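Asker: Below is a structure I'd like to ask you about.
What follows is calculated from the coordinates using simple rules that are stated; it is not laboratory data. Keep in mind that this is a model prediction, so the values were computed, not measured. When we count neighbours, we look across all protein chains shown, and the Cβ atoms used for this are built from the backbone with ideal geometry, even at glycine.
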Amino acid sequence: MTEVKLTQLSHGGGCGCKIAPSLLQEILGKAKDKLPFANLLVGTETSDDAAVYRLNDQQAIIATTDFFMPIVDDPFDFGRIAATNALSDVYAMGGTPIMALAIVGMPISKLPVETIRGILQGGESVCEAAGIPLAGGHSIDSVEPIYGLVAIGIVHPDQLKKNSKAQAGDVLILGKGLGVGILAAALKKNSLSADGYTQMIATTTQLNSVGSELASLNTVHALTDVTGFGLLGHLLEICRGSGLGAELMFEQVPILSEALALVQQGFGPGAIDRNLSSYGHEVDFAANLEDWQRRVLADAQTSGGLLVAVAPDAVDQVLLTFRNAGFAQAAVIGKMNSGSPCVAVSS
């Protein structure tokens, strides 16, 4: 650990730094029509995880960027988490990363060179695990520490997985447990146990490379990853893009065990309240759901799990694919249905 606590140098951490969904929409304005470029397969129109541009009938390039402020104090772990989170957007499109560039903003007068180097080494280790080069990047002297990646990937155009292609009747599967934001909030207040920290690092540094395997399944209709807008926010993006509603069963949603007690004690990032206020009337909570249960579903995840909409007859195959890739908590959490784009949450 560094003597300078990274989390004390920033006003937020991880994907909890994201601008609230409602404010972001206000800033960006109304959703634009698809841009007039025939080979741009995915742009800004459906709030998908990355941009995708077709090179030819066999190849399309995936391009994305993701960066944030420290979610932990250990430099190496911060670098690992940020890099894992950035590469996840490529996997969430069904692609395979081929290269990355580093985004580095550091308060040079406050952090030792060794600390900054440790952050970069963490990112390099993740790229090495993913089998890709970290081929360059850009750095600035900034007020708060910032790190992330530009991630470039490749996918066959026919295997591209958008967040807007879910079908009525599809079953929803979540690959990782929720609660990362809750654990991070406890850490910042010196209230996270050693077991809690171990669990947080384990889940946030697990590459979602299973997305590349899921791309080959025609029965997987939609794919995204759960990050700063919480499970509900990213499920709503699937609903809006697909023109469908969704049913979510809280008792089936996987939650990180170390986060359960903490959220009931009131721990959680400020992003939870921003997320909940952004959902408006698009989420219908069952009357018997407790406040902490609603907060878990809105918790800002960093390097969260893949959210999959899959045909009912392929559920077992997708779950087995997750299990074989080491995602022990992957679970069926609900389904898509015809109707207006909203989410109904039952207990």
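Asker: Using the Kirkwood radius over C-alpha pairs as Rh, can you work out the diffusion coefficient of region 134-178 via Stokes-Einstein at 37 °C, viscosity 0.692 mPa s, in µm² per second? Don't skip to the answer; put the middle values down first.
Answerer: Values: Rh = 15.6 Å.
Taking Rh from Cα pairs, D becomes 210 µm²/s.
Asker: Charges only on Cβ, +1 for Lys and Arg, -1 for Asp and Glu: so what's the dipole of region 136-292 about the Cα centre, in debye to the nearest 20?
Answerer: So the magnitude is around 280 debye.
Asker: Further, regarding this structure: Return a single number: how many Lys pairs in the chain, at a sequence separation of 8 or more or on separate chains, have alpha-carbon atoms below 16 angstrom apart.
Answerer: 6
Asker: If packing is taken as the average number of other Cβ atoms within 10 Å across a peptide's residues, how do 109-119, 300-310 rank, most packed first?
Answerer: In descending order of packing, they fall as 300-310, 109-119.
Asker: Per q in 0.10, 0.15 Å⁻¹, report the Debye log10 I(q)/I(0) for region 165-320, using one uniform scatterer on each alpha carbon and no solvent.
Answerer: Summing over Cα pairs of region 165-320 leads to -0.35, -0.79.
Asker: So what's Rg/Rh here for region 39-105, counting alpha carbon atoms and using the Kirkwood radius for Rh?
Answerer: 1.04
Asker: Could you pull the Rg and Dmax for region 187-265, using just the Cα atoms, both in Å?
Answerer: Here Rg and the maximum Cα pair distance are 15.8, 46 Å.
Asker: Taking the Cα centre of the chain as origin, work out the dipole magnitude from +1 charges on Lys and Arg Cβ and -1 charges on Asp and Glu Cβ, in debye rounded to 20.
Answerer: My answer is approximately 340 debye.
Asker: Separate question: Can you give the relative contact order of region 236-333 as a percent, counting alpha carbon pairs under 8 Å and 6+ residues apart?
Answerer: About 39 percent, as a whole number.
Asker: Amide H to amide H under 5 Å from A222: which residues, 5+ apart in sequence or cross-chain, H placed 1.01 Å off N in plane?
Answerer: Here A309 satisfy the definition.
Asker: Decide, for region 127-230, between rounded, prolate and oblate: order the square roots of the alpha carbon gyration tensor eigenvalues as a ≥ b ≥ c, take rounded if a/c falls under 1.5, and otherwise choose prolate if a/b is larger than b/c, else oblate.
Answerer: oblate
Asker: Give me the percent relative contact order of the chain, please, defined on Cα pairs under 8 angstrom at least 6 residues apart.
Answerer: Values: 840 pairs, mean separation 83.0, N = 347.
Value for the chain: 24 percent.
Asker: I'd like to know how region 65-202 sits against the 2.2 N^0.38 Å rule of thumb: what's its Cα Rg over that expected value?
Answerer: 1.17
Asker: Then there's this: Quick check: Cα centre of region 129-189 to Cα centre of region 291-347, how many Å?
Answerer: Between the Cα centre of region 129-189 and that of region 291-347, the gap is 16 Å.
Asker: State the Kirkwood hydrodynamic radius of region 223-267 in Å, one decimal place, computed from all pairs of distinct Cα atoms.
Answerer: 12.3
Asker: Pop out the ³J(HN,Hα) list for region 85-94 in order, Karplus 6.51 cos²θ - 1.76 cosθ + 1.60 with θ = phi - 60°, rounded to Hz; leave Gly and Pro as x.
Answerer: 4, 5, 5, 4, 5, 5, 5, 5, 8, x
Asker: A further question on this structure: Step by step: find N for the chain, compute 2.2 N^0.38 Å, then divide the Cα radius of gyration by it. What's the final number?
Answerer: Rounded to two decimals, the normalised Rg is 0.93.
Asker: Let me ask another. Which order do the peptides 265-277, 247-259 come out in when sorted by mean C-beta neighbours inside 10 angstrom, highest first?
Answerer: Ranked by mean Cβ neighbours within 10 Å, highest first: 265-277, 247-259.
Asker: If one computes P(r) from the Cα atoms of region 234-330, what percent of pairs lie at distances over 19 Å?
Answerer: Numbers: 2390 of 4656 pairs.
Above the 19 Å cut-off, region 234-330 has 51 percent of its Cα pairs.
Asker: Per the Kirkwood formula on distinct C-alpha pairs, the Rh of region 278-341 is how many angstrom?
Answerer: After inverting the pairwise mean of 1/r, the radius is 14.5 Å.
Asker: Restricting things to alpha carbons, find the Rg to Rh ratio for region 101-170 using the Kirkwood radius for Rh. Walk me through the intermediate numbers first.
Answerer: Numbers: Rg = 17.3 Å, Rh = 14.7 Å.
Rg/Rh: 1.18.
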